[in-house]
Structures are given as C-alpha cells and as structure tokens.
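*Asks:* The structure that follows is given in the form of structure tokens.
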Amino acid sequence: MNRRSALKSKENIKKAALEAFSKYGYNGASMRMIAHEAGISVGGLYLYFKNKEELCLFLIKEKLNEFSKNAQIIFENVEDPIEAISRYINMSIEYAKRHREFIITQTRDQGFTFGMDIKREFFEDQKKLIKNIIQQGIDKGLFRPLDAFEVTKVIMGVIRGYILSFVMDPDNVFDAEYCCELILKGLLKENP
C-alpha cells in the first residue's frame, strides 16, 4: 500500500468511526461496521487500530488537538485580551456544538473518565493559554487585578458546564454570547 493510499484509508476510517460512534454510541458501533463504512476490510482496519478503544481514544485525541491548534491561533493572532477571551469561549461552545453527538455518545457509553489522561493533558494546556491571556489583560490594565489562575478555572468550569448541560439537559443550554458578556463584565475594569 502506498503512502497516499494509506493516508486516504486512515481518513476514511476516522470519518467512518466518528459517524458510527456518533450514531450508534461506543457500545453500538463495531469494528466491522466501521470497516464497512470506511470501504476497507476488517483486517485492514486492524492494521491501523488494534481495537475499538484505541480507535475511539485516537479520535478523542485528534479532536482535542484540532481544538488546541485553533485556540493557539486565536491567542497568537489576537492582541486584545478581551477579544481573545471572547473568541475562545465562543470557539469552545461552537466546537462542542459541532461535535455534540460524538461527545454525548462517548460520555454516555463510557463516562467522563474515558481517555482521562488525554483530557487532563488537554485541559492543562488550555489552562496555560487562558491564564496567559488573563494575565496580559490584567497587566495592560484592561482586567481587574484578579487571580489569573482562579479566573482561568472559572472560565474552564463554565465551558465544561456547558458541555455537561447539553449532555445531561439539552433544553437548558445557555447562549455563548451571553456567557462571554457575563464573564467579561466580571473581568473588565470600570473604564478599560
């Protein structure tokens, strides 16, 4: 198999697995089903992933890495800490909405602790990014002199709460713009 064909096969597997996990849940999806949807043999699928758990963890890691790259771009290209925090919150909520079914089925079938090492590393990286932006806002006199680490934990908690709310209570999901406004009103000095 040439390199181009291998990359195409892996992309087909990822798409098929994401669709199968989203549609049937982790427990309902099978390697056979994923292979069929990807247009490869079951044996061919096992050349890439040794089992369903490894495939699902790969997808989780890939989605979190994709999000991290997008967040890094925001923080590198937006100099205004107010705009950066607002974009980050909006991006987080929109990303969760876009991958809602995968998140719901993955947490429903496997619980929030599945892939915890991957998630923990992701959240640590995100906390560092947010904390740096908060600290920049404080240093520039735009934000009140709060504890940047505590503010970061609040922002991360709100985002996680959003994700939890659409898993547990989808009718009670809040508006991203209102969330940003509320958080920023708590951060901003009276006359920035």
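The values are calculated or read from the model by the stated rules, or taken from the named source; none is laboratory data. Please read these numbers as outputs of a predicted model, since none were measured by experiment. Positions of Cβ are backbone-derived with ideal geometry, glycine not excepted, and every protein chain shown enters the neighbour counts.
*Asks:* Just to verify a result, which residue in segment 136-153, among those that are part of a helix (DSSP H, G or I) and surrounded by fewer than 17 Cβ atoms within 10 Å (Cβ to Cβ), is farthest from the chain's Cα centre (by Cα)?
*Replies:* Taking the candidates together, the pick is 139.
*Asks:* Next up: With the condition kept exactly as written, say whether any residue in segment 155-176 is within 18 Å of residue 79 (Cα to Cα) and either of a type in the set (Asp, Glu) or in contact (Cβ under 8 Å) with a residue 60 or more places away in the chain (or both).
*Replies:* No: segment 155-176 contains no residue that is within 18 Å of residue 79 (Cα to Cα) and either of a type in the set (Asp, Glu) or in contact (Cβ under 8 Å) with a residue 60 or more places away in the chain (or both).
*Asks:* Go through segment 47-81 residue by residue and tally those that are more than 21 Å from residue 156 (Cβ to Cβ) and surrounded by 15 or more Cβ atoms within 10 Å (Cβ to Cβ).
*Replies:* 8
*Asks:* Kindly evaluate residue 63 against the criterion of being in a helix (DSSP H, G or I), within 23 Å of the chain's Cα centre (by Cα) and either under 18 Å from residue 104 (Cβ atoms) or in the same structural domain as residue 115 (by TED's automatic domain parsing) (or both).
*Replies:* Here the answer is yes, as residue 63 does meet what is asked.
*Asks:* Here's a follow-up. What is the number of the single condition among (1) touching a residue at least 12 places away in the same chain (Cβ under 8 Å); (2) within 22 Å of residue 91 (Cα to Cα) that residue 150 does not meet?
*Replies:* (1)
*Asks:* Looking only at segment 72-81, count how many residues are in a helix (DSSP H, G or I) and in contact with a helix residue (DSSP H, G or I) (Cβ under 6 Å, 6 or more places away or on another chain).
*Replies:* 3
*Asks:* Here are some residues: 118, 74. Which one is among the β-branched types (Val, Ile, Thr) and within 12 Å of the chain's Cα centre (by Cα)?
*Replies:* 118
*Asks:* On the basis of being part of a helix (DSSP H, G or I), within 12 Å of residue 59 (Cα to Cα) and either of a type in the set (S, T, N, Q) or assigned by TED's automatic domain parsing to the domain that holds residue 100 (or both), does residue 22 make the cut?
*Replies:* yes
*Asks:* Can I ask one more? Restricting to segment 91-135, give me the number of residues that are buried (at least 16 other Cβ atoms within 10 Å of the Cβ), at pLDDT below 90 and of a type in the set (D, E, K, R).
*Replies:* The qualifying residues number 2.
Each row is one residue, and each column tells you yes or no for (1) surrounded by 14 or more Cβ atoms within 10 Å (Cβ to Cβ); (2) outside the structural domain of residue 105 (by TED's automatic domain parsing); (3) part of a helix (DSSP H, G or I).
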{"site": "9", "(1), (2), (3)": "yes, yes, yes"}
{"site": "17", "(1), (2), (3)": "yes, yes, yes"}
{"site": "37", "(1), (2), (3)": "yes, yes, yes"}
{"site": "40", "(1), (2), (3)": "yes, yes, no"}
{"site": "43", "(1), (2), (3)": "no, yes, yes"}
